[in-house]
Amino acid sequence: MMLQSSILEKVFMQSTIPQMIFEYNLKQNVANKAFFEFIGYSKEEWDELSIEEVSHPEDYVLDMQLYHEVYTGKRESYQMEKRYFHKSGEIIWGSLHVTAINDPMTNNKYFLAQVFDITEQKNLERVLTHNEQKYKLLADHSSDIIGLYLPDGRFLYTSPSINQILGYEDDELLGELPYSFIHPDDISFVEKKHKTLLESKQPVLATYRFRHKDGTYIWVESNLRSVIDEQTGKITGMIAISRDIRSRLEQDKLLHRSEKMAVVGQLAAAVAHEIRNPLTSVKGFIQLFSETKQCNEEYMNIVLNELDRVEDIIFEFLTLARSHQEKMETIKIDELLKQVIQLLQTQAILVNKEINFLVESNIPPVKGDSNKLKQVFFNIIQNALDAIDEKGVVFVRLYSNDSRVCMEFIDNGCGIPENRLESVGEPFYSTKEKGTGMGLMTSYKIIENHKGKIDIDSTVGEGTTVSVSLPLS
């Protein structure tokens, strides 16, 4: 059997709709490329098969009955939903349209079959109808929006609560893509969550702004899960439970504001307390100088030392509070550490203490602010030196792994009790007699701004290990 017109043949063969033309015996047929892609067989393989072999038995009987009615002239065409056996063994669904056509030149009767792939829709219909009665009551009365979507995100179902939250009727968004309603600034974030769900098949949580029917945007939080076909393991849809979180965000904002005020009050009280002590001493000696009209050099040195202490407290407090933008540059961390160690080595030797530097070869560079990182290393090594007695040793170890550069600062000093470790890093909490605690807190902040991490491990009587890690450049 041949198609008579070359133009019609091109239209038939290049159509994206699976099509086939056949005679009454169903054997002599011509199918286009789209049909072979739909059924999974090559043209050569198809020539060895029959329609019955690729048709579901239940649907084949009805198909032949309707086909016979068209052949005998009882009807001109018919349409039905039919299951086919794909070459992979998977059952696929097609909406079959069969029409009788006559060749005007030979007066022979042929039949044109067109198959529209509805596998995805049928799978989702099965999801919708599965336990439908059990969950319908729950969905209709839920205060959250329950939605069902195609894998590409198109709406298939929304519960009536969408009207109360977003102003739309429950069938108003059917067939629409949600990205048309999501705030432009949140689209890329939601797209990443969508992609993660499709790739991992694991639930995801997304917080974004969705456009209300009145044009305003509402903050919602959606918990999305994939609907997976039990037979094929493929994702056939998505279910989302979404809720209005405006009131929660407002409460979080108020809580955050109150926490900030509490921290400010705590810092202010701590600063006042720390400054009051040295100022009390300074005031006493000044009064003594005023009464005796004499300036004792020993007392004057105490006054100057106390004033230096006040200055240090204020400087550390301002360093912590100041909003600072690090000057990020490529840094050779081994050279930076070596500079800091050399700076402190002389001081350590004078008091019979030692700093050993162990470094692996080929340490990759990192991105950071060299001055700020020097401040961190200086604080940590100085703390370690203060913790050890004469003839004590501070070990500094530098190494790297696939993603980070790691440093360990190890001392064999007195160690820190476990119940005090939790407070290390808090403002004005220090294990040293005259420490303010703000040096280590500032160090935590600097490393955090560098996307790094500080960990402290300590055992009383054995020593302390401070571990610092930074991401590779």
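The values are calculated or read from the model by the stated rules, or taken from the named source; none is laboratory data. On a predicted model such as this, the values are computed, not experimentally measured, just so you know. Cβ atoms come from the backbone with ideal geometry, glycine included; neighbour counts cover every protein chain shown.
Restricting the search to the range 77-94, which residues are closer than 14 Å to LEU66 by Cα and either out of contact with any Ser or Thr (no Cβ under 6 Å at 6 or more places or on another chain) or among the polar types (S, T, N, Q) (or both)?
In the first step, residues of the range 77-94 are kept if they are closer than 14 Å to LEU66 by Cα; the result is 77-82.
Answer for the range 77-94, where residues must be closer than 14 Å to LEU66 by Cα and either out of contact with any Ser or Thr (no Cβ under 6 Å at 6 or more places or on another chain) or among the polar types (S, T, N, Q) (or both): SER77, TYR78, GLN79, MET80, LYS82.
Output yes when any residue across the range 2-13 is exposed (fewer than 12 other Cβ atoms within 10 Å of the Cβ), modelled with pLDDT under 90 and charged (D, E, K, R), and no when none is.
Within the range 2-13 (the criterion being exposed (fewer than 12 other Cβ atoms within 10 Å of the Cβ), modelled with pLDDT under 90 and charged (D, E, K, R)), the answer is yes, since at least one residue qualifies.
List the residue pairs whose Cβ atoms are under 6 Å apart, where the first residue sits in the range 442-453 and is closer than 12 Å to LYS374 by Cα, the second is not in a helix (DSSP H, G or I), and the two are 6 or more positions apart or on different chains.
ILE447/ILE454
Considering TYR60, TYR78, which residue is surrounded by 11 or more Cβ atoms within 10 Å (Cβ to Cβ) and over 27 Å from GLU9 (Cβ atoms)?
Working: TYR78 fails: over 27 Å from GLU9 (Cβ atoms).
Of the residues listed, the single one that is surrounded by 11 or more Cβ atoms within 10 Å (Cβ to Cβ) and over 27 Å from GLU9 (Cβ atoms) is TYR60.
What number of residues within the range 161-174 are of a type in the set (Ser, Thr, Tyr) and surrounded by fewer than 20 Cβ atoms within 10 Å (Cβ to Cβ)? First the steps, then the outcome.
Filtering the range 161-174 down to residues of a type in the set (Ser, Thr, Tyr) leaves 161, 168.
Okay, now just the ones that are also surrounded by fewer than 20 Cβ atoms within 10 Å (Cβ to Cβ), so 168.
Residues in the range 161-174 being of a type in the set (Ser, Thr, Tyr) and surrounded by fewer than 20 Cβ atoms within 10 Å (Cβ to Cβ): 1 in total.
Output the residues belonging to the range 208-221 that are surrounded by 15 or more Cβ atoms within 10 Å (Cβ to Cβ) and either part of a helix (DSSP H, G or I) or β-branched (Val, Ile, Thr) (or both).
Those that are surrounded by 15 or more Cβ atoms within 10 Å (Cβ to Cβ) and either part of a helix (DSSP H, G or I) or β-branched (Val, Ile, Thr) (or both): ILE218, VAL220.
Out of all the residues in the range 104-120, which are within 18 Å of TYR24 (Cα to Cα) and of a type in the set (Phe, Trp, Tyr)?
Selection gives TYR110, PHE111.
Pairs, please: C-beta under 8 Å, at least 6 apart or cross-chain, first residue in the same structural domain as ILE235 (by TED's automatic domain parsing) and at positive phi and in the range 149-175, second at pLDDT 90 or above and not in a strand (DSSP E or B)?
Short answer, once both residue conditions are applied: GLY153/LEU177; GLY153/PRO178; GLY153/TYR179; GLY153/HIS194; GLY167/HIS212; GLY167/LYS213; GLY167/ASP214; GLY175/ARG154.
Within the range 364-396, track down each residue that is assigned to a loop (DSSP other than H, G, I, E, B) and of a type outside the set (Val, Ile, Thr).
Here is the first cut: in the range 364-396, the residues assigned to a loop (DSSP other than H, G, I, E, B) are 364-365, 369, 388-392.
PRO364, PRO365, ASP369, ASP389, GLU390, LYS391, GLY392 - these are the residues of the range 364-396 that are assigned to a loop (DSSP other than H, G, I, E, B) and of a type outside the set (Val, Ile, Thr).
Just a yes or no: is a residue in the range 279-289 part of a helix (DSSP H, G or I) and modelled with pLDDT under 75? Please lay out each step first, then the result.
Quick first cut of the range 279-289, residues part of a helix (DSSP H, G or I) only: 279-289.
Among the residues that remain, those that are also modelled with pLDDT under 75 are: 281.
Yes, the range 279-289 contains at least one residue that is part of a helix (DSSP H, G or I) and modelled with pLDDT under 75.
Within the range 66-75, is there a residue that is farther than 19 Å from ALA100 by Cα, surrounded by 11 or more Cβ atoms within 10 Å (Cβ to Cβ) and aliphatic (A, V, I, L, M)?
Our first condition is that a residue be farther than 19 Å from ALA100 by Cα; within the range 66-75, this holds for none.
Scanning the range 66-75 turns up no residue that is farther than 19 Å from ALA100 by Cα, surrounded by 11 or more Cβ atoms within 10 Å (Cβ to Cβ) and aliphatic (A, V, I, L, M).
Modelled with pLDDT of 90 or more, hydroxyl-bearing (Ser, Thr, Tyr) and in contact with a strand residue (DSSP E or B) (Cβ under 7 Å, 6 or more places away or on another chain), is that true of TYR78? Step through it out loud before you land on a result.
Numbers: modelled with pLDDT of 90 or more: yes; hydroxyl-bearing (Ser, Thr, Tyr): yes; in contact with a strand residue (DSSP E or B) (Cβ under 7 Å, 6 or more places away or on another chain): yes.
So TYR78 fits the description; yes.
Hey, can you tell me all the residues within the range 56-72 that are more than 14 Å from ALA113 (Cα to Cα) and touching a residue at least 24 places away in the same chain (Cβ under 8 Å)?
Scanning the range 56-72 gives HIS56, GLU58, ASP59.
Is one or more of the residues making up the range 324-338 within 44 Å of the chain's Cα centre (by Cα), of a type in the set (Val, Ile, Thr), modelled with pLDDT of 80 or more and surrounded by 13 or more Cβ atoms within 10 Å (Cβ to Cβ)? Walk me through how you get there before you give the answer.
First pass over the range 324-338, keeping only residues within 44 Å of the chain's Cα centre (by Cα): 324-338.
Those left that are additionally of a type in the set (Val, Ile, Thr): 330-331, 333.
Subsequent filtering for residues that are modelled with pLDDT of 80 or more retains 330-331, 333.
Subsequent filtering for residues that are surrounded by 13 or more Cβ atoms within 10 Å (Cβ to Cβ) retains 331, 333.
Scanning the range 324-338 turns up at least one residue that is within 44 Å of the chain's Cα centre (by Cα), of a type in the set (Val, Ile, Thr), modelled with pLDDT of 80 or more and surrounded by 13 or more Cβ atoms within 10 Å (Cβ to Cβ).
Taking the condition of being part of a loop (DSSP other than H, G, I, E, B) and closer than 18 Å to ARG243 by Cα, how many residues in the range 172-199 meet it? Walk me through how you get there before you give the answer.
Of the range 172-199, the ones part of a loop (DSSP other than H, G, I, E, B) are 172-177, 181, 183.
Subset that is closer than 18 Å to ARG243 by Cα: 173, 181, 183.
Count: 3.
Within the range 344-363, how many residues turn out to be part of a helix (DSSP H, G or I) and either of a type in the set (A, V, I, L, M, F, W, C) or on the phi > 0 side of the Ramachandran plot (or both)?
Of the residues in that region, 4 qualify.
What number goes with the only condition from (1) assigned to a loop (DSSP other than H, G, I, E, B); (2) surrounded by 15 or more Cβ atoms within 10 Å (Cβ to Cβ); (3) small (Gly, Ala, Ser) that SER88 does not pass?
Tallying (1) assigned to a loop (DSSP other than H, G, I, E, B); (2) surrounded by 15 or more Cβ atoms within 10 Å (Cβ to Cβ); (3) small (Gly, Ala, Ser), SER88 fails exactly one: (2).
Can you tell me which residue in the range 127-160 is modelled with the lowest pLDDT, limited to those that are farther than 17 Å from ARG225 by Cα and surrounded by 13 or more Cβ atoms within 10 Å (Cβ to Cβ)? If you could, list the steps in order and put the result at the bottom.
Of the residues in the range 127-160, the ones farther than 17 Å from ARG225 by Cα are 129, 131-134, 136-138, 140-143, 160.
Imposing the further condition that a residue be surrounded by 13 or more Cβ atoms within 10 Å (Cβ to Cβ) reduces the set to 142, 160.
Values: SER142: 78, PRO160: 90.
The qualifying residue modelled with the lowest pLDDT is SER142.
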